[in-house]
1. How big is the C/B interface in buried accessible area, both sides summed, 1.4 Å probe, to the nearest 100 Å²?
2. Roughly how large is the B-A contact in terms of buried accessible area, totalled over both chains, probe 1.4 Å, nearest 100 Å²?
3. How large is the charge dipole for the protein assembly as shown, taken about the Cα centre, if only the Cβ atoms of Lys, Arg (+1) and Asp, Glu (-1) carry charge, to the nearest 20 debye?
4. Given q = 0.09, 0.10 Å⁻¹, what are the Debye log10 I(q)/I(0) values for chain A, with equal point scatterers placed on the Cα positions and solvent ignored?
5. Work from the charge dipole of the protein assembly as shown (Cβ charges, +1 for Lys and Arg, -1 for Asp and Glu, about the Cα centre) and give the residue of C:C117, B:L361, A:C361 farthest towards its positive end.
6. For the pair B:Q13/A:S398, report the inter-label distance in nm, with labels modelled 7 Å from Cα in the Cβ direction.
7. Taking a 19 Å limit on the Cα-Cα distance, which of the listed pairs A:K37/A:K100; B:K63/B:K191; A:K141/A:K365; A:K84/A:K173; B:K75/B:K191; A:K365/A:K571 fall beyond it?
8. Just the number, please: percent antiparallel of the DSSP beta bridges in chain A, rounded to the nearest 5.
Amino acid sequence: MIRIIMNGSPMEVEEGTRVLAAAQDAGVRIPTLCYHKDLCVAGNCRVCLVEVEGQRALQAACALPVSEGMTIRTNSAAVRAARKHVIELLLSEHRVDCLKCARNGNCELQNLAEEYRVEEREFIDLGLERSLDRSSPSIEKDDSKCIRCQRCVRTCTELQRISALTVAHKGSKMRVDTFFGNPLGDVVCSNCGQCVSRCPTGALVERSSIDSVWSALDNPKLHVVVQTAPAVRVSIGEELGCEPGKRATGQMVTALRRLGFDKVFDTDFTADLTIIEEGHELLRRLKAKLLDHDENTVLPMFTSCSPGWVKFLEHQFPEHLENLSTCKSPQQMFGALAKTWYASQAQVDPENVVVVSIMPCTAKKFEADRPEMRSVGARPDVDHVLTTRELARMIRQSGFDFGKLEEQAYDTLLGTSTGAGVIFGATGGVMEAALRTAYEVVTGRPVPFRNLEILPVRGMEGIREAVIPIEGCLPEWSFLEGVDLRIAITHGLANAWELIEGIKAGRLSYHFIEVMACPGGCLGGGGQPIPTDMEIRLERMAAIYEEDRQMPLRKSHENPDVQRLYEEFLKEPLGEKSHELLHTHYTAR
Amino acid sequence: MTTKEKWTRLQQQQGRVRMIFEEVDCAALLRKAISLGQESIIEWIESSGLRGRGGAGFPTGRKWRLAAAQKADRKFVICNADEGEPGTFKDRRILEEQAIKVCTGMALCALATGAREGIIYLRAEYSYLLTSLEETIQEFHLLLKKLDLPFDIVIRSGSGAYVCGEETALIESLEGRRGEPRNKPPFPVEKGLHGFPTVVNNVETLVYCAMIIERGAEAFRRLGTKDSQGGKVFSVSGDADIEGIFELELGMSLASFVDLFGDGDTKAVQVGGSSGHCVPRKKFDETVIGFEGTPTGGSMMLFNSSRSMYHILHNYLEFFEEESCGQCTPCRVGCQQLLRGIEAIKKGEKDAHYLQELLRLARTMSVSSKCGLGQSVANPFISIAQNFREEILY
Amino acid sequence: MCTKLIPKGSGEPGAGREALLPRLQEIHRQKRWLDADDLLEVARDLKLSPAIVYGTASFYSFLDTEPRGKHIIRICRTIGCYMKGKDEIIRTIEVRLKIRLGETTRDGRFSFLAANCMGWCHKGPAMLIDEEVFTELTPQKTLRILDEFIRERKVRA
């Protein structure tokens, strides 16, 4: 242990602790901007300056490790003056346009300006003109609001290993940029939105679809249906005054009805459907490989629900596209069914059906826009995608008190779901849901885990793996008897990269891999409330598993409306109709 | 004094030092060092009182000792030949004339610290030296082989970035990154190039190390003052009768310096380049050139009364605005504000009080920037703005 | 202090990254500037993201990522050369080559750029043409040097 003196009080902290963390232990909050708990320390913004006795210069608390006898002052006159100067400097290079900014009210720079009472801005406005890049369907980049903290760049490099964003040039010309300044829509960006989630200001925000959704809702001719992704119900509350981890499914459904949606459906329904299709695809691949020794069949199979992951693979590892399940994501299965099966069931003209989805994700906006995601006519199956943040904004605009809303249930047909659907929102959830179904299909028995909870696939480790021994197969699956099913789960694209490199090098070998682009899976998605950090992710994760436990049905194949869908419309998994509506192909980029 | 008299006096004063540009038998020197052994080499350098000649002035012996104490599979010696400080050109001349002694200094550091890999980081502006340096290094490698010294030197080029003279930025650049200074600690002697203990020494420092082993610590220590021991190579330019490179004792007063080099009308001297201090005429007598007074990495630029100090400051600020790495707020934005600020005052867009605001900002930059570059922008700004207020304001 | 979200041991992309600057310098020596294809090729060889390669190159003043002529003239604009009259030399070159500072001649022979201190303050004004240094410039001397370069090109062409 190291003894230090923090603001006059002696304390002991572990060796290697940074001053920022030590101060937090002592109950002192030091302001930060470039620091983010998920990322490596940069020490760039210089907002977290503290005074250390014996040192001429102030020190960045985020970067400085404690040392024996260190005497630290976090609130001296020198510290306050320097911090205020730093904030003023940042404001002078930031296009201060708070009233019109998407981050107004949730901007770290704005908060600091308020805290330090930066009232009269003495410094010269460095005259940044608005420079909006709206080339990406998911993310908007406005350099004139950038404060060069590089959180986005570190996110893109450290967590996602993409480096679509980089720091370019130096001095006063230094800026966050893409390759040769190309538009964000034309570079290797996965659209995951993790940069948006970590931007302290409004320099990176999602492309908003709020206006389009309002005008659809306002048009009486249109039949507007909405689907809500599994992870939204456990995070929407954070935007509307609730603590992280609040399960707000019922209130959210009520809110959506009040906003004017004609039907409120659940992406969990098509998550269940995905499991049936993807589970059978896995079994078919296993059969082709293990029984028929088909050389054209590729294993391991990768999940394909995460559009950030899919685009990442298309860019970085096009040679592995065959590994991707051909299943569309639950969002897109929903869109396809809403405009076909549902439209005929509800007796509405598919042309008048507008599908809106509420997603924890910015990449879903890109996915909905993909040309191959059009089952009926020229319009996309999913017309508009809103992030969790955008839905919360619409609810705020409507003025009703979210906390006091009654809890209502989803509409049936495309709104019926099981616990297996809801756990899609957490890393490992797709794998767990798939195992609950596939194991039972093969053996006729439930997965051998207490309460169906397959704990080895859960958690936050970057790469998790498990072996599921298959015993007591039903006769038609006898070729799987005694097979050890090797599975892996990963989240965050840097981890996915590691995993693929391991497979390429022959170090790792699996049958089935779940990949989610965002750390924590969808619950940590780029469209989720800001801030998102590890504590908040864990709260959301706990809420998702709690939601699963509360569901009467917890296996996808037990979903009665999914069963009905097959009986009345699809006929069989991987059948003709499925191929037409629920499966897709990928493009090397 | 006439220019001729000045030259005569200068010869005398240079004669007291004569180390950097003296020919020595490097093979004999290295043999001597080998027989001295690691500990004695470090002790000699420590007791000589040598401090880094690049500008920061860290005691060289202590740096070597810290690196020597590290246990690591690899260690590096880096010769910092990224001489970019405006007004400094002595390292170029040393590399032109005494490259073999630079290599010898690096080998001494290797002996002292256990390093086996040496790198000369040569600024892009000096690329024309590459061929001759490569030849010298080849020759030196033969010598090392003869002496059975397991050490190897390679040259790596910079690509035009002043900030790479900062040792951690230099290391980042060697690793193939943008030359952005690192957070310290850890210092390079603990975790430097590729995370291994690394000594970064200036060209001149390394040659002095060689001369200390050649002539003994005492020969070095007796020169200069208590706090600024030894000689120093000065780069003299500007409004001077005599310009060029001169090796003189540290600790002389600026007044006698101006007597020697000035054109009789010196109104200010910029000591230490753009990151140094501007000393006005009235302070020449009280200013000591050395670590106890006004330190310099060697740059001495003289200004006579025909010069506008506004334009000089403006030129410095343009330099910093461009050469800041841009990563930290105080330096990136502060440099722009100082530059735009004096322009606005000059144009009358801001009133005279705004200079006070800028001075406060400069003080903040000096304590809040991440590296020495940003911290030292305040030196020319404050010293010029305070001493030549009228020229800035009107 | 990296969190567990970041994979252990993987660090940053591009393990052989120290080869990056020498590669870029070599290309620059040959053709005086780096275009997108150059950077993409280097990125692929070193398994780096193209954006990282671009971001790194654009940091360095001598790794031009904009089109440049066969010869790059870099005139020192820092204090010593400023005091010794670099502005007059700039005008001389501008008039002779019929371009402004920062531009490239239409025939693609010369780019004319400003650079920071190149270590010849006592012999200013100074300029670099490619890797060659010219000092104590006067308008006449500058014209002579330029003419030599122009003639030499003609002879070779």
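The values are calculated or read from the model by the stated rules, or taken from the named source; none is laboratory data. Keep in mind it's a predicted model, so treat the numbers as computed, not measured. Don't worry about glycine lacking a Cβ; one is built from the backbone with ideal geometry, like all the others, and counts go over all protein chains shown. Side chains included, ligands, DNA and RNA excluded: accessible areas come from the protein's heavy atoms. Shrake-Rupley method; radii C 1.70, N 1.55, O 1.52, S 1.80 Å.
1. Values: alone 10100 and 16410 Å², together 23220 Å².
Counting protein atoms only, the buried area is about 3300 Å².
2. Numbers: alone 16410 and 23790 Å², together 37290 Å².
Interface area, both chains combined: 2900 Å², rounded to the nearest 100.
3. Roughly 2520 debye for the protein assembly as shown.
4. Log10 I(q)/I(0), no solvent term: -0.72, -0.87.
5. C:C117
6. About 8.3 nm, to one decimal.
7. Working: A:K37/A:K100 29 Å; B:K63/B:K191 13 Å; A:K141/A:K365 16 Å; A:K84/A:K173 23 Å; B:K75/B:K191 10 Å; A:K365/A:K571 30 Å.
Checking Cα-Cα distances, A:K37/A:K100; A:K84/A:K173; A:K365/A:K571 exceed 19 Å.
8. Here the share of antiparallel DSSP bridges comes out near 50 percent.
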